[in-house]
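Trainee: This is the structure I want to talk about, given as structure tokens.
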Amino acid sequence: MGKNIMEYETVDLDDEDLSVVIIDQTKLPGTVDIIKLHTAREIWDAIYLLKVRGAPAIGVAAAFGIYVLAKRISEEDSIKNADGQGDFEIFYRKFKEQKDYLNSSRPTAVNLSWALNRMEEVCLKAGREEKKPVEEVVEILHREAAAIKEEDIRVCKTIGEFGLGLVKPGDGILTHCNAGQLATSKYGTATAPIYLGQERGYHFRVFADETRPLLQGARLTAYELHASGVDVTLICDNMSATVMKNGWVNAVFVGCDRVAANGDAANKIGTSVVAAVAKRYGVPFYVCAPTSTIDYDTPTGDEIKIEERPAEEVTKMWYKEPMAPEGIKVFNPAFDVTDNELITAIVTEYGIARAPFKESLEEIRRKKEEGRKKGRKE
Ligand code: MRU
């Protein structure tokens, strides 16, 4: 019998082969194709084409990716001085070029730049400040990328614990897009309360929006929840009002790609429609966000850059034949921003933020800083 999809790593590193290993999510649910990414172009394409997708998973893939590229750069003769030693400044120039290139693959999920900036910081600290040899800098990058993945698992589990406190056994939960295990290293964000509840016998009834145009809800969320034995029902995006009006949904949990400082949250296109419908029917709407997804430098949702993707995703992709007239005008934004007043709470690994979000998200930031200081002392 084949492996269950939940037994695969969403993103991994192959040290021997020096490559980033991912499940090609564009082929799911039909085929589980594990692919290896060796070059900057392959990593960039995999992120752009959504072979690896979901904000936290993109961050982990970028961290492993920049490590793989850094290791290759460190082995190039062109960075070596007359004594055969790596010159940090030449190494760093090339590292930065690759970092900027990977960072250009998708604009909305802040975890991409967050992970790459974190890798750059440790690189500069070790190489420029502490004057460590290039090989050691590369080893430090290796450890940092692994730490980003390990943290992602812990963070998602903690979000799950906080989220689980917001619902009760037997509840109906609606989710949009895929903020599941396939979007993270384990548990997912929006699905973490569902998986933890499943382990503890909560018997949730989950509704998964199919999520046009790329069908992450149908192809990925319904797939992984079903494979885990969760009671999941697939609905089209235009059915959320019906299931909420019927009283079948007690809470909505969604992931997000970037939370602005005022609590406006960008997530997969259609999320804000679900939030508006949830408000109409009095269903609490929860955004699950690791603190790596909070962008305190972006004051409101208006400043979040929304990725626009090719028209073919709407007219042709997933269909046997084009489903729209040739040459039709198409608007295909990949994300939308849910206004903070439609959000009941933002669930992070440092607790639950509620309105007024500017203050409560600042409180989350303080808790994170305290946690860091404590961690450094121990
Ligand atoms: O375009 P995608 O598939 O990367 O969009 C993914 C989402 O919108 C997710 O909800 C978000 O990244 C959170 S994943 C934990």
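Trainee: Go through the residues of the stretch 174-197 one by one and say whether even a single one is away from the ligand (no atom under 16 Å from the Cβ) and either surrounded by 21 or more Cβ atoms within 10 Å (Cβ to Cβ) or under 25 Å from residue 282 (Cα atoms) (or both). Don't jump to the end; show me each part of the working.
Mentor: Within the stretch 174-197, the subset away from the ligand (no atom under 16 Å from the Cβ) is 197.
Checking the rest, the ones that are also either surrounded by 21 or more Cβ atoms within 10 Å (Cβ to Cβ) or under 25 Å from residue 282 (Cα atoms) (or both) come to 197.
Yes, the stretch 174-197 contains at least one residue that is away from the ligand (no atom under 16 Å from the Cβ) and either surrounded by 21 or more Cβ atoms within 10 Å (Cβ to Cβ) or under 25 Å from residue 282 (Cα atoms) (or both).
Trainee: I'd like to verify a number: residues in the stretch 198-209 that are surrounded by 22 or more Cβ atoms within 10 Å (Cβ to Cβ) and not hydrophobic (A, V, I, L, M, F, W, C), how many?
Mentor: Going through the stretch 198-209 one residue at a time, the tally reaches 1.
Trainee: Condition check: more than 16 Å from the ligand (Cβ to nearest atom), surrounded by 22 or more Cβ atoms within 10 Å (Cβ to Cβ), β-branched (Val, Ile, Thr) and more than 21 Å from the chain's Cα centre (by Cα). Does residue 249 satisfy that?
Mentor: So residue 249 passes the test.
Trainee: In the stretch 254-288, how many residues are assigned to a strand (DSSP E or B) and either of a type in the set (Phe, Trp, Tyr) or farther than 18 Å from residue 216 by Cβ (or both)?
Mentor: Residues meeting the conditions: 4.
Trainee: Hey, another quick one. Give 281, 286 a once-over and let me know the one that is on the phi < 0 side of the Ramachandran plot and more than 13 Å from the ligand (Cβ to nearest atom). Steps first, please.
Mentor: On the way: 286 fails: more than 13 Å from the ligand (Cβ to nearest atom).
On inspection, the qualifying residue turns out to be 281.
Trainee: Hey, could you check the stretch 290-320 for residues that are acidic (Asp, Glu) and within 13 Å of the ligand (Cβ to nearest atom) and say which is nearest to residue 59 (Cα to Cα)?
Mentor: So the residue we want is 307.
Trainee: How about the stretch 1-69: which strands (runs of 3 or more DSSP E) wholly inside it have at least 2 residues that are at pLDDT 95 or above, more than 17 Å from the chain's Cα centre (by Cα) and surrounded by 14 or more Cβ atoms within 10 Å (Cβ to Cβ)?
Mentor: Here the list reads 11-14, 34-37.
Trainee: Could you list, in sequence order, all residues of the stretch 257-269 that are within 16 Å of the ligand (Cβ to nearest atom) and open to solvent by 20 Å² or more (accessible area, probe 1.4 Å)?
Mentor: Listed by number, the residues that qualify are 258, 269.
Trainee: So, restricting to strands (runs of 3 or more DSSP E) that lie completely within the stretch 297-371, which ones have at least 2 residues that are hydrophobic (A, V, I, L, M, F, W, C) and open to solvent by less than 20 Å² (accessible area, probe 1.4 Å)?
Mentor: Working: elements: 335-338, 345-348, 351-353.
Once the strands (runs of 3 or more DSSP E) in the stretch 297-371 are filtered for at least 2 residues that are hydrophobic (A, V, I, L, M, F, W, C) and open to solvent by less than 20 Å² (accessible area, probe 1.4 Å), what remains is 345-348.
Trainee: What number of residues within the stretch 223-236 are farther than 15 Å from residue 198 by Cα and either open to solvent by less than 20 Å² (accessible area, probe 1.4 Å) or free of Cβ contacts under 8 Å to residues at least 60 places away in the same chain (or both)? Quick ask: steps written out before the conclusion?
Mentor: Within the stretch 223-236, the subset farther than 15 Å from residue 198 by Cα is 223, 233-236.
When the remaining residues are screened for being either open to solvent by less than 20 Å² (accessible area, probe 1.4 Å) or free of Cβ contacts under 8 Å to residues at least 60 places away in the same chain (or both), the result is 233-236.
Number of matching residues: 4.
The values are calculated or read from the model by the stated rules, or taken from the named source; none is laboratory data. Since this is a predicted model, take the numbers as computed values, not measurements. In this analysis, Cβ positions are derived from the backbone assuming ideal geometry, glycine residues included, and neighbour counts consider all displayed protein chains. Please note that ligands, DNA and RNA were not included when accessible areas were found on the heavy atoms of the full protein model with its side chains. Shrake-Rupley method; radii C 1.70, N 1.55, O 1.52, S 1.80 Å.
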